[in-house]
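Okay, so here's the structure we're looking at.
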Amino acid sequence: MKKFEEIKFNIGELKGISKKNIEEHLKLYGGYVKNANLIFEKLEEYMSDPEKNMYVIGELHRRYGFEFNGIKNHEYYFKSLEGGAKKLPENSKLKKAIETECGTFKAWLDAFKILAMTRGVGWAVLAYDKERDQILHIWVDEQHLGQLNGVHWILALDMWEHAYIYDYSTSEKKKYVEAFFDNLNWEVIEKNFIEHNN
Ligand SMILES: [Fe+2]
């Protein structure tokens, strides 16, 4: 069975998000890699006697979406913080798509920040539905609940408390949202969009 490997991210000094918080967060990412691999190992083990282990096998399958997306979601997040803060390129295709959908870039950004303030832990996501040629917002509870079938992730903001708890109290999560955007490498986000918008 093909195993997941941890990606090493090259994240420099950030504004408003400490090295300590990033380091701890990367450890959690490593945990998803470890546990996604573990689920497969355990499945192989329990499949030696499916009749006896039917309940456990079912539950392992059920939890796979949590571990799998826990890896993928974090990879979008950490990659978008690599390379330092960078603005959207001139003649950005994504900006154009956002303006078509939301009127102005500012209107979109304001709406996304409201999405990020959704109560509970999860992800604020800008996604692209290629089939319908439409960008859309998704709130994903935990790592996987509410994920929409077949859409491509463009921008992912981790809104679990572990993403900011070393830097901000829980009542200050708005500041973390601002810090995220202060450090965002929009060139990566543009690339995520262009990959599917062709
Ligand atoms: Fe996280």
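Values quoted throughout were computed directly from the atomic coordinates according to the rules given, and no laboratory measurement underlies them. All figures in this text were calculated on a predicted structure; none of them were measured in a lab. Cβ atoms come from the backbone with ideal geometry, glycine included; neighbour counts cover every protein chain shown.
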_How far apart, in nanometres, would the label points at ASN198 and LYS174 be if each is projected 7 angstrom from Cα along the Cα-to-Cβ direction?_
4.1
*asked:* Of LEU115, VAL140, VAL33, which is farthest towards the positive pole of the chain's charge dipole, taken about the Cα centre with +1 and -1 on the beta-carbons of Lys, Arg and Asp, Glu respectively?
replied: LEU115
_Treating only the Cα positions of segment 126-198 as identical point scatterers, give the base-10 log of I(q)/I(0) from the Debye formula at each q in 0.23 Å⁻¹._
-1.09
*asked:* So, R0 is 22 Å and r is the distance between the beta-carbons of LEU28 and TRP139; what FRET efficiency does that work out to, to 0.05?
replied: 0.65
*asked:* What is the ratio of the Cα radius of gyration of segment 1-126 to 2.2 N^0.38 Å, with N the residue count, to two decimals?
replied: 1.40
*Stretch GLU161-ARG119 to full length: gain in nm at 0.36 nm per residue minus the Cα-Cα span?*
14.0 nm
*Mean projected area (nm²) of the alpha-carbon convex hull when segment 16-79 is viewed from all directions*: 4.7
_Tilt relative to the chain, helix 105-116 - C-alpha long axis, 0 to 90 degrees, to 10_ = 30
_Over the chain: helical MRE at 222 nm, DSSP H runs n ≥ 4 each giving -39500 (n - 2.57), nearest 500_ = -17000 deg cm²/dmol
*How big is the C-alpha Rg of segment 109-154 next to the rule-of-thumb value 2.2 N^0.38 Å, as a ratio?*
1.12
*Under a 10 Å cutoff between Cα atoms, tell me which one of LEU94, LEU43, LEU155 has the largest fluctuation in the Gaussian network model of the chain.*
LEU43
*So how tilted is helix 173-183 from the main axis of the chain? Cα-based, degrees 0 to 90, rounded to 10.*
70
*Fraction of alpha-carbon pairs over 22 Å apart in segment 46-198 - percent*: 45
_Residue-by-residue Karplus 3J(HN,Hα) for segment 137-150, coefficients 6.51, -1.76, 1.60, Hz, glycine and proline x_ = 9, 10, 9, 10, 6, 6, 10, 8, 8, x, 4, 9, 4, x
_Angle between the chain longest axis and helix 93-102 axis [Cα atoms, degrees, rounded to 10]_ = 90
